[in-house]
Amino acid sequence: MTAPGLAGLPRRRSVKPIIAAVNGYCLGGGFEMVVNCDIVIASEKASFGLPEVQRGIAAVAGALPRLVRLLGKQRAAEIALSGVPFPASQLEQWGLVNRVVEHDQLLASAVQTAKTISENSPDSLRVTLEGLHYGWEMASVEEASSTLVDSWYPKLMAGENFHEGVRAFVEKRKPIWRPSNL
């Protein structure tokens, strides 16, 4: 089944990193989307929650199983069953939010994070995201690791960017990346 609504983001498997910059209320569908993002940066004013239970509905776009994996069953249950919002600082402590920043620094922080990531090899980013997805989706760490090595590492090593990265390291210079062909 494809993801219901919300542009499919709660269950999307992206080939590029998804960074969420949360500046206020992140409830219901918005929260379900954030749970599937790779990096979450939140304003000190942000709050998160799943109020669906207060309206007689349920969060079925993918957040519930992901929350259990991310936070553990008890923390996920508290968020999903209470329906109340949680401050960004709490979800940073629990591991859902990467960092909380001052409200007026949110966008700059998210953009800087994106710039830092974009300076890396596009091929390496693609393979790394696959590894993160496998770790997220597969029950066995060994199976995820083997699948990544067997399916993606040969493609990475055969690409221009792999060789450019090694050459740049040996020559003590910054690599010049090419668009990914993976």
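What follows draws every value from the coordinates through simple rules; no lab data is involved. Please read all numbers here as calculations on a predicted model, not as lab measurements. Cβ: placed from backbone, ideal geometry, glycine included. Neighbour counts: every protein chain shown.
Taking the fewest neighbouring Cβ atoms within 10 Å as the starting point, the ordered list for 124, 89 is 89, 124.
In the chain, one over the average inverse separation of all distinct C-alpha pairs is 18.0 Å, which is the Kirkwood hydrodynamic radius.
Binning the alpha carbon pair distances of segment 19-116 at 5 angstrom intervals from zero yields the distribution 3, 15, 26, 26, 16, 9, 4, 1, 0, expressed in whole percent. Distance between the 7 Å Cα→Cβ label points at residue 171 and residue 45: 4.8 nm. Partner lysines whose Cα lies under 18 Å from the Cα of residue 115, excluding those fewer than 8 positions away in the same chain, are identified as 16, 174.
In plain terms, the residue of 163, 133 with the fewest other Cβ atoms within 10 Å comes first and the most crowded comes last, giving 163, 133. Remark: 31, 162, 169 ranked as 169, 162, 31, counting other beta-carbon atoms within 10 Å and listing the fewest first.
From helices alone, the chain scores -14500 deg cm²/dmol at 222 nm; the rule is -39500 (n - 2.57) for each run of n ≥ 4 DSSP H residues, then divide by the residue total.
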